[in-house]
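Note sheet for the following structure.
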Amino acid sequence: MTEEIEKLKRARNAVVLAHNYTRGEVQDVADYTGDSLELARLATQVEADVIVFCGVYFMAETAAILNPAKTVLIPDPTAGCPMADMITGGQLRELKSRHPGAVAVCYVNSTAEVKAECDICVTSGNAERVMATIPRDREIIFVPDRHLGSHVSSLEGREYVLWPGYCPTHARLTAATVEAARAAHPGAPLMVHPECPREIRDMADERLSTGGMCRFARESKADTILVGTEVGILHRLRRENPGKTFIPVSDSLVCPNMKKTTLENLAESLREMKTRVVVQEDIAVRARRAIEAMLAVG
Ligand code: 13P
Ligand code: SF4
C-alpha cells in the first residue's frame, strides 16, 4: 500500500498532510505530520497541486479555504469533529447579537460557517499569543471549546463569554485515572491537551497543543512522560524519542474520527481524486479573513 501511495503521490503531484492523532501507518506515509496550526501553515507553503488531508473535516476545510487554487482531498469525508458541530453559524450570530461590539474568536475546531462569523481564529498552539492581540477593553466571545477558552482566559486573567462546547474524547479523562497514572509513575511529568476539563488541566505539569507536546518530549530531561491526550500521538512521540518512555494516561482517549483515515482510503483518495473539499465562496472569503488574521500573529 505504501509503495502504491508513493507512486500515486508522484503521479498526482500531491502532498499528504497528517494530524498527530491519525493512525501510525498513515503518519508514516505522510509528507508532514503536525498539529492544527503547523498543518494550516504548511498548507499555505506547499507547492504541490493536490493536498490530501489526513485528519478531520475542519482541518481539510481550513486547507481548502487557504488554497482556493489547489485541490484539497479528504480520504473519508465523514471524519468530522463533534466539538466543531456543537455550534452553528446561526447560534453564533444569535450570541453575537446579545453581545454587540464583542470580538468573536473561534477555535479552529469549528466549521467554515462559524469561522465566517468570527474576527479571528486560534489553535491550541497559539491561543495565548492571539488573544493577547485583542485590546483589554473589548468583550470577547470564545467558541466552541469551553475548556480551551477557560484555560486561556485564566492565563490572560480576563473573562470571556464561553460557548459550552467540548471534545468528547478529552472529556473521557477522569481525575481518578490521572491519579492512578501518577501513582504508577512517580516523578514523571504529565502533559495534557488544553481541551481537557479544568480539573485535569490543574493536575498536569504542562498544558500543550500536540505540536507543543512533541517539542516538550524532545527537550525534557525526563525519561518517562505521562501523556494525557488522544493516543495517536504516541506513535510520533515514540518514533522521535526512542530513548524515552511515553505512558498514555488512559487507553480510552481515542478519537474515532481521527482513525477513519486508513492506508486503503488514502490510496483510493489519490487514485480516484476524492473526496474534494469545497467551501462555498462567500463563506470561504469571510472564513479566510479570520484564519489569515490568526496566521498573521506568527
Ligand atoms: P492540536 O492543534 O493541538 O493538534 O489539536 C487538535 C485537536 O483536534 C485536538 O483535539
Ligand atoms: Fe475533535 Fe476531539 Fe477528535 Fe480533536 S480529538 S478532532 S477536538 S473530537
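The values are calculated or read from the model by the stated rules, or taken from the named source; none is laboratory data. Everything numeric here is computed off the predicted structure, so don't read it as measured data. Don't worry about glycine lacking a Cβ; one is built from the backbone with ideal geometry, like all the others, and counts go over all protein chains shown. Please note that ligands, DNA and RNA were not included when accessible areas were found on the heavy atoms of the full protein model with its side chains. Shrake-Rupley method; radii C 1.70, N 1.55, O 1.52, S 1.80 Å.
Of Ser153, Ser110, all but one fail to be surrounded by 16 or more Cβ atoms within 10 Å (Cβ to Cβ), modelled with pLDDT of 95 or more, among the hydroxyl-bearing types (Ser, Thr, Tyr) and more than 21 Å from Cys81 (Cβ to Cβ); the exception is Ser153.
Do we have any residue at all in segment 90-102 that's under 19 Å from the mean Cα position of the chain (by Cα) and of a type in the set (A, V, I, L, M, F, W, C)? Within segment 90-102, not a single residue is under 19 Å from the mean Cα position of the chain (by Cα) and of a type in the set (A, V, I, L, M, F, W, C). Just so you know, in segment 1-10 the residues that are open to solvent by 20 Å² or more (accessible area, probe 1.4 Å) and touching a residue at least 24 places away in the same chain (Cβ under 8 Å) include one that is nearest to Ile65 (Cα to Cα), and it is Leu8. Among the residues of segment 217-268 satisfying the criterion of being within 17 Å of the chain's Cα centre (by Cα) and of a type in the set (Ser, Thr, Tyr), which is nearest to Gln27 (Cα to Cα)? In this case the residue turns out to be Thr261. Within segment 1-36, the residues that satisfy the criterion of being of a type in the set (S, T, N, Q) and within 13 Å of ligand 1 (Cβ to nearest atom) are Asn20, Thr22, Gln27, Thr33, Ser36. On inspection, Pro194 qualifies as buried (at least 21 other Cβ atoms within 10 Å of the Cβ) and touching a strand residue (DSSP E or B) at 6+ places or on another chain (Cβ under 8 Å). Confirm whether Glu206 is farther than 20 Å from Ala18 by Cβ, acidic (Asp, Glu) and free of Cβ contacts under 8 Å to residues at least 40 places away in the same chain. Yes, satisfied. Scan segment 216-238 for residues that are more than 19 Å from Ala176 (Cβ to Cβ) and free of Cβ contacts under 8 Å to residues at least 60 places away in the same chain and the total you get is 13.
Taking the conditions (1) of a type in the set (Gly, Ala, Ser); (2) out of contact with any helix residue (DSSP H, G or I) (no Cβ under 8 Å at 6 or more places or on another chain); (3) within 16 Å of ligand 2 (Cβ to nearest atom) in turn, Ser124 satisfies each one other than (2). Among the candidates Arg271, Arg215, Arg276, Arg288, single out the residue that is basic (Lys, Arg), open to solvent by less than 50 Å² (accessible area, probe 1.4 Å) and away from ligand 2 (no atom under 16 Å from the Cβ). Answer to the selection: Arg288.
Among the residues making up segment 16-29, those that are in contact with a Lys or Arg (Cβ under 7 Å, 6 or more places away or on another chain) and either open to solvent by 20 Å² or more (accessible area, probe 1.4 Å) or under 26 Å from Pro144 (Cα atoms) (or both) are Asn20, Arg23. Of the helices (runs of 4 or more DSSP H) lying entirely inside segment 30-102, those carrying at least 1 residues that are surrounded by fewer than 16 Cβ atoms within 10 Å (Cβ to Cβ) are 36-45, 89-98. Among the residues making up segment 1-27, those that are touching a strand residue (DSSP E or B) at 6+ places or on another chain (Cβ under 9 Å) and among the charged types (D, E, K, R) are Lys9, Arg12, Arg23.
Could you grab me the full set of residues in segment 1-29 that are part of a loop (DSSP other than H, G, I, E, B) and more than 16 Å from ligand 2 (Cβ to nearest atom)? Met1, Asn13, listed by residue number. Within segment 128-148, the residues that satisfy the criterion of being under 18 Å from His170 (Cα atoms), in contact (Cβ under 8 Å) with a residue 24 or more places away in the chain and in a helix (DSSP H, G or I) are His147, Leu148.
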